[in-house]
Each structure stands twice: as structure tokens, then as C-alpha cells.
Amino acid sequence: MKPVYIMVGGFLGAGKTSTVSRLAQHYMSQGKRVGIVTNDQTTDLVDTHNLRSQGFDVGEVAGSCFCCNFDALTSTVETLGAGELPEIILAEPVGSCTDLVATVIRPLTEVYGVPLDIAPYGVILKPSHGLRILKGDSGSGFSPKANYIFRKQIEEADFVVINRIDELSADQVAELQSLIEAEYPGRPVLKCSAQTGEGLDSLVAMLDQRGAFGQRVMEVDYDIYADGEAELGWLNSQVEVTCQNSFHLDALLMDLIARLHQRLLQLDAEAAHLKVIGLCDGSYAVANLVSNVTGPELSLSSSTETNAANVVVNARVAIDPAELETIVREELAACSSAINVDHKVVSLQSFRPGRPVPTHRINE
């Protein structure tokens, strides 16, 4: 039987990692071997640490997106499963990428030499930005070029998942669904919560379907696409935090992300996604900021006190990366000082993504 390849798309902060985790748990509960591939423009990825901390077999394509380093994607897939490919391969592409049907799914079926069973391609919709973008609200937080990427992601999807329904009213869910159906007719719309697991059965049932899927190739203006990505400042960092006395890991992460949120609000710099993970002695916690409007949340609590932790910070913000780096360094120092802990920045990269240049693009 061919391995099943499931790619979970969606904009930065849509909830892809939480959804991948839910799916992995589901398939493993059925006795299936599962492998996960994460993706980022650089190293030190919160998602990879998060999923590995949950005990999953995770490979990472770092330094470029799936489409621009297709060979790294396939070679990473082949390292999963200790010599035997997993029965289920879950792949999470970079959240600012689009045109993935032409540059990833079609090449997997027509170029890659290993037979795979390609599942329908679903895109998770991020309500906090999606409602404003689809309504044409000029206050969406992003420029029209970044919004272009968001819209293109939905255009090529076989189906769309409205995530975080546990945080939305019935009217908001209905409005999102009607906006999607009006602008992208023929796209099945699912509703789920990656946080609670609500709607997971419908998602699995959709992924089990086979037919004319993964074929929505489209015209993409790569100049607009490149400019939209480049408007976001990216930052990845690893930090060692130590203290003679113990400190609350959850409180540290929430204080840091709350301070960063306040700085972004002051500068009117929209957060596409800010995520922080803290790891110590087998425990870990995750804090997120998926938009300036929704504010910080502790998506996973460790309920741990410790005197040493490794903290990984990933930030994707509509701001100059040099300014983003200054803010992160200052607020790391401030939150460490507030609870009298020492911190050491082990690694830090801040940059704008380069122009996407796909390895393959099959759009016929």
C-alpha cells in the first residue's frame, strides 16, 4: 500500500501545527505509522520542537520552503520511519507560501519516483485575519500584496477549514462560510477546532476521499507574491534561561509574548504569528499571538516550575526585521529582569524572505 501524503496549508497562525498534531494522534490511535515534515525559511522552529516534544517522528526542511527546495522535502520524507516510509506523511508548509499544487503536489505525482497516495489538499482559514481580508476591509493589518497570498491559498485548495470555531459565534462562522462560498464556489467548507478536536471526524473523512483533487493549478503573479512575503519581518531565536531559584515557565512565556504584543500595538505592526515554546526536563509550554486583535494565549500549559529552560521564539510580523530583532532582544531582557532570571541568546536570525523560485512548477 502506498504511503498517504497529507499536506495541511494555511496562512501564518492559522493553526496548522495543532491540526497536524490532532491528525497524527488520530492515525496513530488506529495503529498506523505516522511521520511529520515541518518547514521554515530558517532553523530553530517552534513547530518542530513542539511536535517532537509530543513524541512524533518529525523531519524538518529548514532554510527554504517546500516548493523552492523540493529535493529536501523528498529526502526528508525518506528519512522518516527508520528506513520504511510511514503509512501517513503529514506535511506542514510555510504559512506565507502559495502555488503549492503546481510546485509541490503535482511534482510529487509526476516527478518524484516514489509512489504516494496524495490526499485532498486542505487550507486552514485563520478567522482573525480571514474575516477582514475576505470582506475587503482595508484594516486587515496587512498590505494588499500580503492579502494576495492569503486569497491565493484558498483559491488552490480542494477544501477550506474554518478553524477556532470554539472561539467564534455562530453568526461569525456563518459569515465566514458565506464569504468563502461566494468568492470560491465549489470549495467544501469544514468547521473545526484544532484546540478542542471538534470537527476532526469531518476533516479525516474529507482526507480519506479520492478523486479529482490536487488539480487547482492557477495563475500566480510572482512579483506580487514575492513582495507580499518580503513585507513580513521574520525572526527565529533560541534563548537559555537560568535562575538560582525556580520560576514559573508558563508565566515567563506569557509575560514575554504580552510585552511583545504591546510593542507591536504601539508601532501599529500587525503580527501574522508570534509563537514561543519553553522546554525543560521533559515539560514544555507554548504561547501564541496570531493577530494583534485576538491577543496572547497560552495554547499549552506546562504547570512547571524550573530553574532552567530553553526558550524558542518565532516571530512573523509586518515590520522591518532589524526593528523586530531590537524589540525581541529588549523584551527578552525586560521579562527576564522582572523575575530575576538570567538569559542568554544562543542563536538569532532576523530577515525578510527572498523571492520564491520553485524547483518545479507544473501548471498545465
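Length gain on complete extension for the stretch Glu330 to Met1, per 0.36 nm per residue less the alpha carbon to alpha carbon distance?
Difference between extended and current length: 113.2 nm.
Between segment 301-364 and segment 53-85, what is the separation of their alpha carbon centroids in Å?
22 Å
Apply 1/(1 + (r/R0)^6) to the Cβ-Cβ distance of Glu175 and Ala212, taking R0 = 45 Å, and write down the FRET efficiency to the nearest 0.05.
Calculated transfer efficiency: 0.95.
For segment 232-351, what class follows from the C-alpha gyration tensor (a ≥ b ≥ c being the square roots of its eigenvalues): rounded when a/c is under 1.5, otherwise prolate if a/b is larger than b/c, else oblate?
Prolate, because a/c is 1.5 or more and a/b exceeds b/c.
Could you list the trypsin sites (Lys or Arg not before Pro) in segment 114-210 that lie in coil according to DSSP, counting only those with at most 13 other Cβ atoms within 10 Å of their Cβ?
For trypsin sites (Lys or Arg not before Pro) across segment 114-210 that sit outside H, G, I, E and B with at most 13 neighbouring Cβ atoms in 10 Å, the list reads Lys135, Arg210.
Rounded to the nearest 5, what % of the DSSP beta bridges within the chain are antiparallel ones?
60 percent
Treating the angle as unsigned and between 0 and 90°, give the value, to the nearest 10°, between the Cα long axis of helix 170-183 and the longest Cα principal axis of the chain.
For 170-183 against the chain, the angle is about 50 degrees.
Compare Ala24, Ala333, Ala212 in a GNM of the chain, Cα atoms joined below 10 Å, and give the one with the largest fluctuation.
Ala212
Per residue, how big is the convex hull of segment 4-229 when only Cα atoms are used? Give it in Å³.
Taking only Cα atoms, segment 4-229 has a hull volume of 122 Å³ per residue.
Compute the label zone of Ala182 within segment 120-146: residues whose backbone N is under 12 Å from the point 7 Å along Cα-to-Cβ.
It comes to 134-137, nothing else.
Report the calculated FRET efficiency for Lys344 and Glu323 (r = Cβ-Cβ distance, R0 = 25 Å), to the nearest 0.05.
0.65
Put a dot 7 Å past each Cα toward the Cβ at Gln54 and Gln30; how far apart are the dots in nm?
1.7 nm
Compute the normalised compactness of segment 103-194: alpha-carbon radius of gyration over 2.2 N^0.38 Å, N being the residue count.
The reported ratio for this selection is 1.22.
Working out 0.36 nm times the residue gap between Ala205 and Ser301, then minus their Cα-Cα distance, what length gain in nm do you get to one decimal?
The Ala205-Ser301 span can extend by a further 31.5 nm.
Are there GluC sites (Glu not before Pro) in segment 120-223 that DSSP puts in a loop and that have at most 11 other Cβ atoms within 10 Å, and which ones?
Sites meeting the loop and neighbour criteria: Glu219.
Using a Debye calculation, one point per C-alpha and no hydration shell, please list log10 I(q)/I(0) for segment 164-214 at q = 0.15, 0.20, 0.21, 0.23 Å⁻¹ in order.
At q = 0.15, 0.20, 0.21, 0.23 Å⁻¹ the computed log10 ratios are -0.49, -0.82, -0.88, -0.98.
All of the numbers you see were taken from the coordinates with simple rules; none came from a lab. Nothing here was measured: the structure is a model prediction, and the numbers come from that model. Note: ideal-geometry Cβ built from the backbone for every residue, glycine included; neighbour counts use all protein chains shown.
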